[in-house]
Amino acid sequence: MTFGDIFRIIIAFILPPLSVATQVGLSGAFWLNLIFWLLSLGALGLPLMGIMWPVAVIHVIYICVTRK
């Protein structure tokens with residue numbers, strides 16, 4: 001695990017889609033994480049914050065650990 005991975009994991013708690021974008025670019029993983037994150041904010045009209053925010057963070061950690 002590099003310093004960049006640790007930095008991405010720290011950023012994951014603030015802005016998860018940014019962490020995924022720095023790891024894999026604007027690929028499918030980024031868009032999936034963006035949907036998770038928007039659902040956590042209630043931006044799509046669904047107040048799922050308690051459920052979806054941890055999902056977005058876990059997804060970022062998974063992406064950072066498994067993709068090089």
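Every number here is computed from the coordinates shown, using simple stated rules; none is lab data. Note that this is a predicted model, so its numbers are computed, not measured. Cβ: placed from backbone, ideal geometry, glycine included. Neighbour counts: every protein chain shown.
Of note:
- Calculated translational diffusion coefficient of the chain (25 °C, 0.890 mPa s; Stokes-Einstein with Kirkwood radius over alpha-carbon pairs) equals 211 µm²/s.
- Model label points for Ile61 and Thr22, set 7 angstrom from Cα along the Cα-to-Cβ axis, are 1.8 nm apart.
- When the helices of the chain are scored as -39500 (n - 2.57) per DSSP H run of n ≥ 4 and the total is divided over every residue, the value at 222 nm lands at -23500 deg cm²/dmol.
- Angle between the chain longest axis and helix 3-12 axis [Cα atoms, degrees, rounded to 10]: 0 degrees
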